[in-house]
1. Here are the criteria: (1) assigned to a strand (DSSP E or B); (2) modelled with pLDDT of 85 or more; (3) in contact with a Lys or Arg (Cβ under 8 Å, 6 or more places away or on another chain). Tell me which single one Glu131 does not satisfy.
2. Restricting attention to the range 26-47, which residues are modelled with pLDDT of 75 or more, more than 14 Å from Arg80 (Cα to Cα) and surrounded by 15 or more Cβ atoms within 10 Å (Cβ to Cβ)?
3. Within the range 84-93, which residues are in contact (Cβ under 8 Å) with a residue 40 or more places away in the chain and either within 14 Å of Thr5 (Cα to Cα) or more than 16 Å from the chain's Cα centre (by Cα) (or both)?
4. Answer yes if at least one residue in the range 157-178 is modelled with pLDDT of 75 or more, in contact with a strand residue (DSSP E or B) (Cβ under 7 Å, 6 or more places away or on another chain), not in a strand (DSSP E or B) and not hydrophobic (A, V, I, L, M, F, W, C), and no otherwise.
5. Can Ile139 be described as within 17 Å of Met184 (Cα to Cα), under 17 Å from the mean Cα position of the chain (by Cα) and at pLDDT below 85?
6. Can you pull out every residue in the range 55-78 that is outside any strand (DSSP E or B) and among the acidic types (Asp, Glu)?
7. Quick check on my filter: what residues within the range 48-66 are touching a residue at least 12 places away in the same chain (Cβ under 8 Å), of a type in the set (D, E, K, R) and surrounded by fewer than 16 Cβ atoms within 10 Å (Cβ to Cβ)?
Amino acid sequence: MNKWTKTHVVVSGLDRNQLDNLYNVIKKLSVSYPQKSPKSFKYEDLLKELGVNANKVLCSGYAEKVTQRQDGIIEWEEYRQGLDQKDVYKELASYFKGVKITYCGLDSENIPFITNDVEGLFFPHRFVVIEVLDDEKEITLINTFDELSDYISEHYGTTISSPADIPSFNQSSPHTRVSEIVLMKTQYYQPK
């Protein structure tokens with residue numbers, strides 16, 4: 001059986017009325033999905049509410065912690081088992097022309113590992129420093145390579161000159177606190 005994964009999703013690119021309409025549909029669905037938090041919905045229910053035949057779309061899991069920011073942008077955390085939600089995003093894009101769905105995938109330990117936010121508008125971090133202190137993992141998100149280089153210099157008294165140096169830094173024995181530094185992957189995926 002596949003593990004559950006979590007993804008942070010941001011919906012933007014629409015005018016304020018469209019964002020409000022989508023948020024109101026989600027709020028309505030949240031009431032009908034009481035076994036989760038009050039701000040939860042199933043993708044299948046959202047597609048049905050928008051008139052999409054959910055049987056023709058691969059979708060699994062649900063969304064939680066739905067919020068609408070003051071600027072109208074909608075955010076939620078998506079939980080699913082195995083399948084990604086590209087078909088769901090594609091259907092939302094065909095219903096809401098111009099929608100931009102940006103995501104950041106998290107692994108089972110809530111460490112970011114993939115995003116389609118190539119511009120860094122919502123998820124600017126590109127490097128994840130994972131340190132182990134007293135058997136506890138500490139995660140530091142870093143936006144640019146220059147910031148990473150400064151962090152390594154300040155915390156470990158050594159330098160790295162390019163992302164190509166990360167694997168050798170990860171393997172070097174004097175830096176036993178650092179479990180690893182991860183360069184987050186970016187995908188150039190937007191539903192069409």
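1. (2)
2. Result: Ile26, Leu29, Ser30, Asp45, Leu46, Leu47.
3. Matches in the range 84-93: Gln85, Lys90, Glu91, Leu92, Ala93.
4. yes
5. Yes.
6. Asp71
7. The answer is Glu49, Lys65.
The values are calculated or read from the model by the stated rules, or taken from the named source; none is laboratory data. Computed from a predicted structure; not experimentally measured. For neighbour counting, all protein chains shown are included, and Cβ atoms are generated from backbone atoms with ideal geometry for every residue, glycine included.
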